[in-house]
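Everything below concerns the one structure shown next.
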Amino acid sequence: MISLKRILYKLKYFYKKYGYFIIFKAMLCKMVLKFKKENDGITVVITSAGRLEYLKETIESLRNCVSSEQINNIYWYIIDDNPTSTKTREYIKSLNFDLVLLNKKNKGLGYSLNKIYSKVKTKFIFHCEDDWLFNENLPLNDMIALLENNKHIAQVLLNRDMPYKEKAIAISGKKYAQYDKTHSFNPHLTTKKVGLTCLPFSMQNTEREITNRLRKRGLTTAILGYDKINYVTHIGVEKLVTKY
């Protein structure tokens, strides 16, 4: 029989790892979304942390590199986790986003991801943080085909200026790089199914925790642009919030 001390320890561990009420809401949404029909199209999810100059470059360059002719339905979602950055929030509100979420307190990446991923209804998710410069038009249809035809691939990353390639793999006659960490929050395309697998996101070591979870399911990551196409450049250095 489990002792009260053991139960309290597990509750404390769960709270430390997953945190707030939003976790239970995320888990409830996860159960509901599993039985809802997926909408065609892509939801662009952008996580912001009050870094206005980085965010402007990210959004402007991303919009220039996403062609509406490729995908009929593209929905734009954004969540900001820095309530002290008034100018950033004013800028976000000025944009024609389909969904804007503004945290009342700085809660951290895991909290923000639980909140915004619970709102996604499309089959595909394009994930992007607020500190990337997009250099090339995004081959979204190629990324979708790669995910649909290779069920062991959880996400398709865009090759960046500082490559993280481990080895080349050939899929359908094309070369891709394989990412040894399995999961990354660098710009990538994934599916809502994988997004639901990630829920709830951990409050600490978020990327590592999700990597471990996906590895146990035999899922991996491919990088598009193995032939030295630098789709994105990382521009973020300064951090403005405590929890990130």
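The values are calculated or read from the model by the stated rules, or taken from the named source; none is laboratory data. Just so it is clear, the structure is predicted and the values come from calculations on it, not from any experiment. Positions of Cβ are backbone-derived with ideal geometry, glycine not excepted, and every protein chain shown enters the neighbour counts. Note: accessible area is taken over every heavy atom of the protein model, side chains too, but ligands, DNA and RNA are not part of it. Shrake-Rupley method; radii C 1.70, N 1.55, O 1.52, S 1.80 Å.
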- About the Cα centre of segment 42-234, how large is the charge dipole given +1 on each Lys and Arg Cβ and -1 on each Asp and Glu Cβ? Please answer in debye to the nearest 20. 820
- Note on the structure: Going residue by residue through segment 95-106, the Karplus relation 6.51 cos²θ - 1.76 cosθ + 1.60 with θ = phi - 60° gives ³J(HN,Hα) values, rounded to whole Hz and with x marking Gly or Pro, of 8, 8, 8, 6, 8, 10, 10, 10, 5, 6, 9, 6
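Which order do you get for Glu60, Glu129, Glu136 if you rank them by accessible area with a 1.4 Å probe, largest at the top?
Largest to smallest exposure gives the sequence Glu60, Glu136, Glu129.
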- Message: At 7 Å along Cα-to-Cβ for each site, give me the label-to-label distance between Ala145 and Leu99 in nm.
- Response: 2.9
- Could you list which residues have their amide H under 5 Å from that of Ile235, counting only those 5 or more apart in sequence or on another chain, with H placed in the peptide plane? Trp132, Leu133
- Item | Coarse-grained scattering of segment 42-139 at q = 0.13, 0.16 Å⁻¹, given as base-10 log I(q)/I(0) from a Debye sum over alpha-carbon atoms | -0.42, -0.64
- Note on the structure: Of all trypsin sites (Lys or Arg not before Pro) in segment 196-239, the ones in DSSP coil with at most 16 other Cβ atoms within 10 Å are Arg217, Lys228, Lys239
- Item | Mean accessible surface per residue for segment 42-234, computed with a 1.4 Å probe while every protein chain stays in place, in Å² | 43
- Given a 1.4 Å probe and the protein chains all in place, what does the accessible area of Tyr75 round to, in Å² to the nearest 10? 80
